[in-house]
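As structure tokens, the structure follows; a few thoughts come after it.
The values are calculated or read from the model by the stated rules, or taken from the named source; none is laboratory data. Keep in mind that this is a model prediction, so the values were computed, not measured. Every residue, glycine as well, gets a Cβ built from its backbone with ideal geometry; the counts of neighbours run over all protein chains shown.
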Amino acid sequence: LDYYFTKKDLNGKKIIVTAGPTVEKIDYVRYITNKSSGKMGYNIAYEAFKRGADVKLISGPVSPFEVDCVDKVNVNTNKELKDEIDKEFDDADALIMAAAPTDYKVEKPSDVKIKKDGNNLNLELIENIDILKYFGDKKNQQTLIGFAAETDDLINNAQKKLEAKKVDYIIANDLKKKGAGFDVDTNIASILSHKSIEKLNMMTKRELANKILDLLV
Ligand code: CTP
Ligand code: CA
């Protein structure tokens with residue numbers, strides 16, 4: 001019912017939304033990942049659908065709620081996430097990177113299970129592909145929106161990401177604030193563009209999703 005009463009102000013716009021963490025293998029049974037519930041990305045995808053957009057949701061291995069109405073693809077690694085975005089990017093109107101891609105990976109994961117032998121295991125981790133930066137370099141007509149999850153120096157760090165990744169907006173989240181960050185349904189975010197900073201009050205992820213989509217309108 002909600003669908004019928006929502007204004008279709010994103011009608012026909014193609015919006016790629018990424019959500020959740022990615023995972024990278026260490027060996028056959030072990031992996032490294034990032035903390036991410038996927039709630040922000042799923043809320044954005046669902047609200048964009050209600051507002052009439054053609055939504056492509058690309059999700060890491062989480063499923064905070066069912067979104068049967070949108071076109072969804074599941075991925076595991078950064079490479080898979082990047083490749084799926086690439087398939088949709090050229091004629092997209094926007095890319096919203098709510099995913100938390102894994103920053104590091106093991107260069108050559110073992111394809112058998114590593115056995116414990118009573119000694120420490122040293123892993124060399126290499127930096128993973130920065131997906132948002134890749135598409136920032138590639139962008140034409142697309143509006144790019146990224147996030148910044150920080151524990152300190154929020155605005156400064158977010159501003160650096162805005163420049164380095166060549167995106168239009170960064171949604172900055174102070175992970176340590178009460179009512180923000182992990183395991184809660186609310187956020188206290190700031191929206192940074194190249195011209196302005198807007199500090200938002202505490203709101204639900206659903207409300208924030210709509211604030212973010214308003215940037216596209
Ligand atoms: N991002 C990405 N690819 C990565 C890492 C992050 O596309 N390998 C995107 C995220 O989806 C987010 C933005 O970049 O939209 C910022 O992510 P964040 O983790 O806050 O910053 P990083 O650039 O990874 O730097 P750090 O984790 O060291 O703060
Ligand atoms: Ca990161």
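Remarks
- Residue count for the range 70-79 under the criterion of being over 13 Å from the mean Cα position of the chain (by Cα) and touching a residue at least 40 places away in the same chain (Cβ under 8 Å): the result is 3.
- Being within 14 Å of ligand 1 (Cβ to nearest atom), closer than 22 Å to Lys39 by Cβ and surrounded by 18 or more Cβ atoms within 10 Å (Cβ to Cβ) is a property that Ile96 has.
- Within the range 129-138, the set of residues being within 16 Å of ligand 2 (Cβ to nearest atom) and in a helix (DSSP H, G or I) comprises Ile131, Leu132, Lys133, Tyr134, Phe135, Gly136.
- Any hit, the range 52-62, residues being in a loop (DSSP other than H, G, I, E, B), surrounded by 15 or more Cβ atoms within 10 Å (Cβ to Cβ) and within 13 Å of ligand 1 (Cβ to nearest atom): yes
- Yes/no for Ile155 being outside any strand (DSSP E or B) and of a type outside the set (D, E, K, R): yes
- Selection count, the range 100-125, where residues are within 13 Å of ligand 1 (Cβ to nearest atom) and over 18 Å from Lys166 (Cβ atoms): 6
- Filtering the range 72-88 to residues that are buried (at least 17 other Cβ atoms within 10 Å of the Cβ) and more than 13 Å from ligand 1 (Cβ to nearest atom) leaves Lys72, Asn76, Glu88.
- Scanning the range 146-171 for residues that are more than 10 Å from ligand 1 (Cβ to nearest atom), surrounded by 20 or more Cβ atoms within 10 Å (Cβ to Cβ) and among the β-branched types (Val, Ile, Thr) gives no hits.
- Test: residue in the range 115-124 that is surrounded by 13 or more Cβ atoms within 10 Å (Cβ to Cβ) and modelled with pLDDT of 95 or more: no
- Condition met for Phe49 (farther than 24 Å from Lys138 by Cβ and surrounded by 14 or more Cβ atoms within 10 Å (Cβ to Cβ)): yes
- Hey, Gln141 more than 19 Å from the chain's Cα centre (by Cα) and either within 16 Å of ligand 2 (Cβ to nearest atom) or of a type in the set (S, T, N, Q) (or both) or not: yes
- Tyr169 meets all of the listed conditions (1) over 14 Å from the mean Cα position of the chain (by Cα); (2) more than 16 Å from ligand 2 (Cβ to nearest atom); (3) not β-branched (Val, Ile, Thr) but one, namely (1).
- Selection status of Asn43, in contact (Cβ under 8 Å) with a residue 40 or more places away in the chain, within 13 Å of ligand 1 (Cβ to nearest atom) and not small (Gly, Ala, Ser): no
Residues checked against (1) modelled with pLDDT under 95; (2) closer than 23 Å to Glu88 by Cβ:
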residue: Val112; (1), (2): no, no
residue: Gly136; (1), (2): no, yes
residue: Thr151; (1), (2): yes, no
residue: Gln159; (1), (2): no, no
residue: Tyr169; (1), (2): no, yes
residue: Lys199; (1), (2): no, no
residue: Arg206; (1), (2): no, no
residue: Ala209; (1), (2): no, yes
residue: Leu216; (1), (2): no, yes
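- Number of residues in the range 87-128 that are more than 16 Å from ligand 2 (Cβ to nearest atom) and either without any contact (Cβ under 8 Å) to a residue 60 or more places away in the chain or over 30 Å from the mean Cα position of the chain (by Cα) (or both) equals 16.
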